[in-house]
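Notes to accompany the following structure.
The values are calculated or read from the model by the stated rules, or taken from the named source; none is laboratory data. This one's a predicted model, so the numbers in the text were calculated from it and none came from an experiment. A quick note on method: Cβ atoms are made from the backbone with ideal geometry, for glycine too, and the neighbour counts reach across all protein chains shown.
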Amino acid sequence: MNVEEPRVAAPETAWFKSSYSTGSGGECIEVATSTDTVLVRDSKDRTGPFLSIGPEGWAAFVGFAARD
């Protein structure tokens with residue numbers, strides 16, 4: 001996993017917000033995907049740093065987060 005300043009960030013149209021986001025909380029993230037990476041950023045700081053995660057790492061994170 002890397003934290004990077006956007007060099008060539010995904011276009012704004014590629015980012016989507018979590019379906020669990022209510023708009024009233026402070027913990028919203030946005031995600032953009034490609035074939036070889038998943039980008040994650042804070043929805044309140046769209047010009048700030050983002051995480052770059054490989055597909056396997058993202059799948060492991062989502063699986064972990066989905067457990068009860």
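Can you find, within the range 33-53, the residue that is farthest from SER19 (Cα to Cα) among those that are without any contact (Cβ under 8 Å) to a residue 24 or more places away in the chain and in contact with a Ser or Thr (Cβ under 9 Å, 6 or more places away or on another chain)?
Among them, the one singled out is THR37.
Each row is one residue, and each column tells you yes or no for (1) of a type in the set (Val, Ile, Thr); (2) at pLDDT 85 or above.
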position	(1), (2)
ASN2	no, no
GLY23	no, no
CYS28	no, no
ASP36	no, yes
SER43	no, no
ARG46	no, no
ILE53	yes, yes
GLU56	no, yes
PHE64	no, yes
